[in-house]
Structure formats: C-alpha cells, structure tokens
1. With the full set of protein chains in place, find how many percent of the accessible area of chain B is carbon and sulfur; take the probe as 1.4 Å.
2. Given a Förster distance of 25 Å, report the FRET efficiency between B:E99 and A:N22 from their Cβ-Cβ distance, rounded to the nearest 0.05.
3. Along the charge dipole of the protein assembly as shown, pointing to its positive end and built from +1/-1 on Cβ of Lys, Arg, Asp and Glu, which listed residue (B:M84, B:L323, A:L13) has its Cα farthest out?
4. State the antiparallel share, in %, of DSSP beta bridges confined to segment B:119-236, rounding to the nearest 5.
5. Rounded to a whole number, what % of the accessible area of segment A:16-93 do carbon and sulfur atoms account for, probe 1.4 Å?
6. Can you give the net charge of the other residues whose Cβ lies under 15 Å from the Cβ of B:N69, counting K and R as +1 and D and E as -1?
7. Roughly how many Å² of B:W263 are accessible to a 1.4 Å probe, to the nearest 10?
8. Name the residues of segment A:1-21, by number, that are at least 30 Å² less accessible with every protein chain in place than in the isolated chain; the surface is that of heavy atoms, probe 1.4 Å, without ligands or nucleic acids.
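The values are calculated or read from the model by the stated rules, or taken from the named source; none is laboratory data. Note that this is a predicted model, so its numbers are computed, not measured. Please note: Cβ atoms are built from the backbone with ideal geometry, for glycine as well, and neighbour counts cover all protein chains shown. Just so you know, the surface numbers come from the protein's heavy atoms only, side chains and all, with ligands and any DNA or RNA stripped out. Shrake-Rupley method; radii C 1.70, N 1.55, O 1.52, S 1.80 Å.
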Amino acid sequence: MEIKQHPILEKTLQDDIYFYFNDKKMKAKKGQTVAGALMANGILEFGRSRKLNQARGLYCGVGRCMSCYVTINNQYHIISCTTLLEEGMKVYSNNSDPKVGRDVIEN
Amino acid sequence: MKTDVLVVGAGPAGIKAALTADRAGADVILIDESVFLGGQLRSQTQYFSNLPKNIDSGLGIEIYNELENQLNNSNITVFTNHTMVGSFKNGNIGVSNGEKVLEIQSKKNILAPGAQEEALIFPGWTLPGVMTAGAAQILVNREFVRPGNEAIMVGSNIFALEVALLLQQCGVSVKAIIEEQLNIQCKDTSKLGEIGNIPIFTSSRIKAARGRGKVEQVIIETPNGENELYVDLICVANGFRPILEPFEILNCEFTYKKGLGGWIPKYDNRFLTGNPNCYVAGNAAGITDLGPILLTGEIAAWNALGEIGLVSSIVVDKKIKNLWVELSRLEDEYVFKERLNLINNTSAIKY
C-alpha cells in the first residue's frame, strides 16, 4: 500500500531497506517508522492485546495510545509508530505478557 | 546540563519559542519525544494563510521546512527522541531517550507538548484499521503509505474534511462522512465544495465495527435507519485536547475550559503557569489554529527572557503588547474570549 506518486508532495521516500517481521523478510523505505513499514506491507495487525487477545495495530500515530507495541531487538513494548526502521531490524509481534522475570533469572 | 531556557515539545509553538529565545541571546535546549521535529505540522499538506505577519502562507510542511531551516541556523541544542520523564527535587528536569536520563538545569521552562486526538469509543474501536484522522494524515504525508482502500470518516470538522479529501486524492474511496451533530461542523464552505461527492450523514453515529483481525465492515445508524458499509479504514476526527503530563509533573494547577479543549493548565497573561518557572505555549494552552499557536510560543518566550533578565522589561512589554494585538486579530473569536476568561480568572495566583 505504498504511495509511489503523492498527490501533493513531490519528494517521496527513495531508498529501499529490508527488515524482518516475525522472521519474514520485508521491503520498506528508508525514513519510514516501523509502523509505517508494516502498513506499507499490508500488515494491519501488529500484535494481540494481552488480556482479551484481540488484534492491535496503529491507532494514534504519535506514540501516545500504546496500541502499536512490537518487540525489537529483544526489547518488548517498543512503540512502532515513533521508532525509525533500520536495515535488517528484527521486529516481532507482542502477543502476550513479556517474559521479563524468566529472562532476568536466565541471564 | 545547564541552560537559560528549556523548551519541551518541538512542534510549531516550541520551535517558535526556542527561536525567539535564541535570537535574544539565550542558551536554549529544545527537546521532543519523537524522532521527527515539527509535531503534526510536519505531516500537514493543507494550506495555512491566517498567520503572523512575519510568516509566509503555505502548506503546513512548507511552513515547517522554513522553521527547520531557521533551527539549523541557530545555536539551539536539539534533542529528538527525548521525553520529559520527571523533575528532580531541586526543580531540574529529567529527560530520557529510554536508555539514560539527562538532568537539565534551566532558568525557565517553556512547555509546549501540544494536543492529542480524542478517541471515540464504539464496539470494535480497537480493531486495526480504526485510527485517528491525524494518524491517517501521517501515514500518507510522512510515511507515504495508503492506510486503506475503502474508508469512512467520523466527524465533519475542518480537519476531518481535509483528511478525507487527502485520502480521496490518494485513491482511497471515502464512502461516507459521519457526523453525530445535526449540522456539518466545518464552517469553511469552500472545503465542503471540494468534497462534494462524498455523502455526509448528519445526526448519525457508528453502531459497531466488525472484522477478523481488522476492520471489514461498519454499521452506521442514520435517521433513515441502519446502513452497512464494507470498509477497511475508519478514520476518527473527534477533536483535540491539551496534553497535560508535563504540567502534572511540575505541579501546575488545572482548570476546565470547554472552549479551549477541556482540562488545561491555568496560566496568566504572561502564559506563566501555576509553577513560577514554567510557561505554556501552543495547543497545550488551548486548542487553536496555527497562527495563534506560533504567537503563544513567542509570547511565552519574551516573558521568560524578561524574567531571566536577558531583555529589558520595556522591550518585553512592547513586544508582548503587539503580539497580543495580533493574537486577538488571528484567533477565532470564541477561543480568544475563552482564553481571556481563563487569564482573568488566573491573575489571582500568588507565588
């Protein structure tokens, strides 16, 4: 759902960048946020809510509503709409409570 | 880290305040929690003309580019991706990028956190594909992503119509605009002409949104009965309200002013809040338009400069008087009246 020709803006994003969402390789544009890159690939469901297990995706786009949480580089609850995508980034859905306690013990 | 003025929030009000202080010779730190500067202005492609006299009319993003240009030619220290997370006992402010905390000691703080869009609650409101009008605008204008193929817009204020129009220009089929009130809220008749072919349902509301993992269908209640539409995007333009957390952290007093967007920090005619070191600027001082937003940033900055002693009180008084005259000229009559009302009730604060 990438916009190649914008109705008003002449300058669009040019450089390709690759990342992984749930281990699947995807293409996006340099300068996009993680949320923008996911939506450009047609992904609306970023994760599931922890209590009722409902689909969650982008809502406010400005980092306030916490609906678009993902896991990046083993860090849970990263706000995808305010995080810039980086080459080779490994992005995973947040589908349940983080295993923080266990990680601490294991390390 | 020491500075004369700390500005929190690098939207139009914060940038304008920072530039004003910088030009008067103050040391300025400007922080923003986003990796992008400019707030929503950075993503706006609508045309703004009702602006202060030293700013050219243009698209939102063009006005932002000019402000960014001025920032790059200033001595302002800018921290993006830094959030104000707390204050220390001595009044210093803690700012963090999620990894470490910077302690900033400033003589005066100007808080310009802006506004947030009001959510709208209905069954299915959390489904992916339901988003604020602002989020849709960001996706199109900053991310270059089309947020859906078939959409409805909830709300008929000027922002709702502008975003509906933008979506349509990007090839999104906007099937309806839903307005709960009896009348269309946008007063700009030229905007209404532009969206001519989108049906507008007044006295109507969303009954529910449905879908598996994303929006697939929406049911709207109109005076003529229920209407089912197959859409993958529901944009919500339910108005804005001031962001309050930084003022809560700094123990400011609050008051409720419907005409300014709801709960709001109290401030006096200097834009000084209940905390004697903190000024407020922009939409956080009352939801308004771009012109007044820029002016409030300037007013707050001149007052801070005067208090610090970098500018004489005679100069400050003269600047402030002119800026208030301009504010009264540019601002919506009702909003300005509410602002004066707030200020007149606040001047009684004693420090």
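1. 46 percent
2. That pair, B:E99 with A:N22, gives E of 0.45.
3. My answer, from the dipole projection, is B:M84.
4. About 40 percent, rounded to the nearest 5.
5. So the carbon and sulfur contribution to the accessible surface is 46 percent.
6. Result for the local shell: -2.
7. 140 Å²
8. The answer is A:M1, A:I3, A:H6, A:P7, A:I8, A:L9, A:L13.
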